[in-house]
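Beneath this line is the structure, given in structure tokens, with notes to follow.
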Amino acid sequence: MSQQETHRSEQTDQSPEAAAYDVRAVQDKWLPVWERLNPFQADDDSPREKKYALTMFPYPSGDLHMGHAEVTALHDVIARYWWQRGYEVLNPMGWDSFGLPAENAAIRNDEHPATYTYANIETQYESFKRYGISFDWSRRLHTSDPEYYRWTQWLFLKFRERGLAYRKSSPVNWCPNDQTVLANEQVVDGRCERCGAEVTKRELTQWYFKITDYAQELLDCLDDLEPTWPARVVTAQRNWIGRSEGAHVDFAVEGRDEPIRVFTTRPDTLYGATFMVVAADAKLAAELVTDEQRPALEAYLDDVRKESDIDRLATDRPKTGVFLGVHATNPVNGEQVPVWASDYVLADYGTGAIMAVPAHDQRDLDFAKAFDLPVRMVVDVPGEDDPATTYVATSGDGTYVNSGPLDGITDKATGIRTIIEQLEADGTGTGTVNFRLRDWLLSRQRYWGVPIPIVHCDACGEVAVPYDQLPLELPELRGADLKPKGVSPLAAAEDWVNVDCPQCGAPAKRDSDTMDTFVDSSWYFLRYCSPGYEDGPFDVEKAKAWMPADIYVGGVEHAVLHLLYARFFTKVLADMGMLEVREPFAAQLNQGIVINQGKKMSKSLGNGVSLGDQLAEFGVDAVRVTLVFAGPPEDDIDWADVSPAGALRFLQRAWRLSGDVTSAAGTPAAGGDVALRRITARTVTDAAELVESYRFNVMVARVMELVNATRKAIDTGAGPADPAVREAAETVAILLSLVAPYVAEEMWERLGHEPTVAKVGWPEVDPALLVEESVTAIVQIQGKVRARLEVAPDISEADLEQLALADAGVVKAIDGRPVRKVIVKAPKLVNIVV
RNA sequence: GCCCCGGUAGCCCAACGGCAGAGGCGAUGGUCUCAAACACCAUUCAGUGUGGGUUCGAAUCCCACCCGGGGCACCA
């Protein structure tokens, strides 16, 4: 902040002229009043229609920042609009309060993670209140409270009973820095989503949610969400789920009972399969390899393991691999094809093995070229040369050749259908669908999370902690005890981890992992419906009344994380009979981020903008107006492009109106200046439409217009006593209550009313005021404007055409040329073609 | 490589296929002031990334390309 600006605002505050708007005094004045009135507490039993406004709950790291300010300011426009429109609005807030930052802070400061967590929650809570968001604080929750995570554990056990939570040994993503495993969704470009460290693989036995059981439904329902969800989220989820249709095909191996099963999307090219490739790191490779070739495979695996995931992601690396020494039988033509192992085939997608058709898959062709394997074209694509000579694989439609019964078929769909029928008849394959989505790995080797309520008993195996013993609370650990060691810190808490088996009473051990914090956030929006409920995670009747959330405002970074998991939980709970809806969020709005000088704010760049400083200098309302007015909600806001000082000026202009009105409160507006009344009516009507289509920036612009028009009416028009001026000023206060609650409340009081303006209701509009007395019709010749006519709004097309053709300027512009065509769109336009 | 989203005055952004400008920022001039700040008034500026097409008429619809942002990517 420049010295000058700081100086200026101080002067404004201390100005002896009482006419100046004192930002701080107004905030201090209304906050306790609102606290007392508590206008935003949602009533479950209200007869009014219900709306559920949801925004992504924050993680309690430090105080609120610009990002929180933006998302909640945008969100609050909708919530407050709904209240004004007469809905009963549920607008809750809570904290996603388990997680690594608190744990890392605890290690640093030798304290308990709860200390950091709950201190920050209090700070953020106070900041939110001052920021004037219309949250219903009576529903506040924290996912780290035992009363909350008791139900997270309950849900885990219920999911397990349904076969949707299970343990398996598998290669998993491991973050060497945070010393914990990660879900697929938390690995971004081979790096840990949280800390950026390169992710490695480990073979571990871990807990998974069987989200893949819902892959098809998660995909199908996206069609219904498409109209009301951001396109990028829908696309991201579709890509992530990654459905492909194809076939499983079995290749028999001599001397082995089990055939090698492959997944392919192109079973129609089966006659061109000249070799097979198994993922080098899959168990299958080790099983298949001959003793002779085993040293070669192991040497290759050593090389592969040296490569990080980052290296593996490079698409242009040369193909490598090793022959396993065995052959398999192509089921359609009986050919013996060699089986290779390579790292370009992924162990955990499909079956971990592929049939290689080098002529029609570029990756297979590159491999064939590297190892001098045969290439056989089976689809003759018109206009493309034989891949065996060009080394460019073809994948389009063409005529099948060298393909037995397929020969002569000319389209892919028929080819695929025909070959699948044959495979199914022979018992060597089946049509199938494959998904890219993997099961959700939920175990974490860290302390500050929900303990997994399972006891491992030598005799009984996995035993669930009985429901009546929930919550299974965390042991008290702090400081150095929490240091990551590669196993959960809970494992070292001897008193906690050693228990008697709940089933047989023998000594046993608790599961020492905690749950991914995304489990906590997969159902918090349900808990808000009945936050104190003690007989289950939520009251089924209350959830029925409020769900689904009508709007969910939050960041797009959760496109395939939280938003996918929450959808999965909702579907499972629906199947459990606890929810009527199968989708949690009816509509969604993703806000952009606040940047500065073209770059993300960061400590290293030194371009951070402190929310606290901005609020201190310009006040809550001006900051909120700045964020809402900056542009469309989805766009990023560059703080260097916006002007909180300008927003404050606007608010002061608006506020001044309320002091200028001289008519008494309650004066009927009828009979007031019609021109101003029309502007007011039009603004109210448009504002509703603009809010409903999330064009909040335009809505603010329209309020600015109304303020300008009212100013003009007071100074040079109808005058301060005109009832239309009062109507306009009151409308400004109501519209501003969506964005600038303090100024709006202050205006409302100065206009002679009781608080709170936030719930006075949306202004009624006399439809007669929306009908224009006359409109300007434009007359174009060859699409160029040549004349303007003032006409009645209900003028007929014939009359308008006649009027236009008779206009002196038009006659002159036509200049005697013959009129070939006249397009009339009454009452606004006439286009004459000559 | 494939798929989304966007490109409009000096800047941020508006504009049912119909007058390119709603609003703001900035700049300039004026009123007020001893002067300045604040406030108020006024003025200022683009033909919509490029090239085609559809249309009576295109910022808007279609095609290609360029630029910026994002998603997916050795997924068989």
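The values are calculated or read from the model by the stated rules, or taken from the named source; none is laboratory data. Computed from a predicted model, the values in this text were never measured in an experiment. Ideal geometry is used to build each Cβ from the backbone, glycine not excepted, and the neighbour counts take in all protein chains shown.
If A:E258 satisfies all but one of (1) without any contact (Cβ under 8 Å) to a residue 40 or more places away in the chain; (2) over 16 Å from A:F585 (Cβ atoms); (3) within 12 Å of RNA strand B (Cβ to nearest atom), what's the number of the condition it fails?
(3)
Given A:R711, A:R682, A:R695, which one is among the basic types (K, R), modelled with pLDDT under 95 and within 15 Å of A:L738 (Cα to Cα)?
Testing whether each residue is among the basic types (K, R), modelled with pLDDT under 95 and within 15 Å of A:L738 (Cα to Cα) leaves just A:R695.
Do the conditions hold for A:E424, that is, is it in contact with a strand residue (DSSP E or B) (Cβ under 9 Å, 6 or more places away or on another chain) and touching a residue at least 60 places away in the same chain (Cβ under 8 Å)?
Here the answer is no, as A:E424 does not meet what is asked.
State all residues of region A:802-829 that are under 18 Å from A:K784 (Cβ atoms), surrounded by 15 or more Cβ atoms within 10 Å (Cβ to Cβ) and either away from RNA strand B (no atom under 12 Å from the Cβ) or more than 51 Å from the chain's Cα centre (by Cα) (or both); if no residue qualifies, say none.
Passing the criteria: A:A804, A:L805, A:D807, A:V810, A:A813, A:I814.
Considering only region A:625-742, give the helices (runs of 4 or more DSSP H) lying wholly within it that have at least 3 residues that are aliphatic (A, V, I, L, M) and away from RNA strand B (no atom under 12 Å from the Cβ).
A:674-692, A:723-736
Within the bounds of region A:601-621, is there any residue that is under 17 Å from A:L738 (Cβ atoms) and either within 28 Å of the chain's Cα centre (by Cα) or within 10 Å of RNA strand B (Cβ to nearest atom) (or both)?
Yes, because at least one residue in region A:601-621 is under 17 Å from A:L738 (Cβ atoms) and either within 28 Å of the chain's Cα centre (by Cα) or within 10 Å of RNA strand B (Cβ to nearest atom) (or both).
Would you be able to tell me the number of residues in region A:767-801 that are hydrophobic (A, V, I, L, M, F, W, C), part of a helix (DSSP H, G or I) and out of contact with any helix residue (DSSP H, G or I) (no Cβ under 8 Å at 6 or more places or on another chain)?
3
Only one of (1) farther than 22 Å from A:T212 by Cβ; (2) not in a strand (DSSP E or B) is not met by A:G350, so which one is it?
Only one criterion is unmet by A:G350, namely (1).
Name the residues in region A:145-204 that are in contact with a helix residue (DSSP H, G or I) (Cβ under 9 Å, 6 or more places away or on another chain), part of a helix (DSSP H, G or I) and among the acidic types (D, E), would you?
Hit for region A:145-204 is A:E185, nothing else.
On the given criteria, is A:D96 of a type outside the set (G, A, S) and under 22 Å from the mean Cα position of the chain (by Cα)?
Spelling it out, A:D96 is indeed of a type outside the set (G, A, S) and under 22 Å from the mean Cα position of the chain (by Cα).
Would you say A:A20 is modelled with pLDDT under 95, part of a loop (DSSP other than H, G, I, E, B) and over 22 Å from A:R527 (Cβ atoms)?
yes
Can A:E583 be described as surrounded by 15 or more Cβ atoms within 10 Å (Cβ to Cβ), among the acidic types (D, E) and farther than 22 Å from A:L74 by Cα?
Yes.
Is it the case that region A:777-791 has a residue that's away from RNA strand B (no atom under 14 Å from the Cβ) and either over 44 Å from the mean Cα position of the chain (by Cα) or of a type in the set (S, T, N, Q) (or both)?
Within region A:777-791 (the criterion being away from RNA strand B (no atom under 14 Å from the Cβ) and either over 44 Å from the mean Cα position of the chain (by Cα) or of a type in the set (S, T, N, Q) (or both)), the answer is no, since none of the residues qualifies.
Among all residue pairs at least 6 apart or on different chains, which show Cβ distances below 6 Å where the first residue, located in region A:216-233, is in contact (Cβ under 8 Å) with a residue 24 or more places away in the chain and the second is in a loop (DSSP other than H, G, I, E, B) and within 14 Å of RNA strand B (Cβ to nearest atom)?
As it stands, the answer is A:V233/A:A559, since those pairs meet every condition given.
Do we have any residue at all in region A:746-754 that's modelled with pLDDT under 85 and in a loop (DSSP other than H, G, I, E, B)?
No: zero hits.
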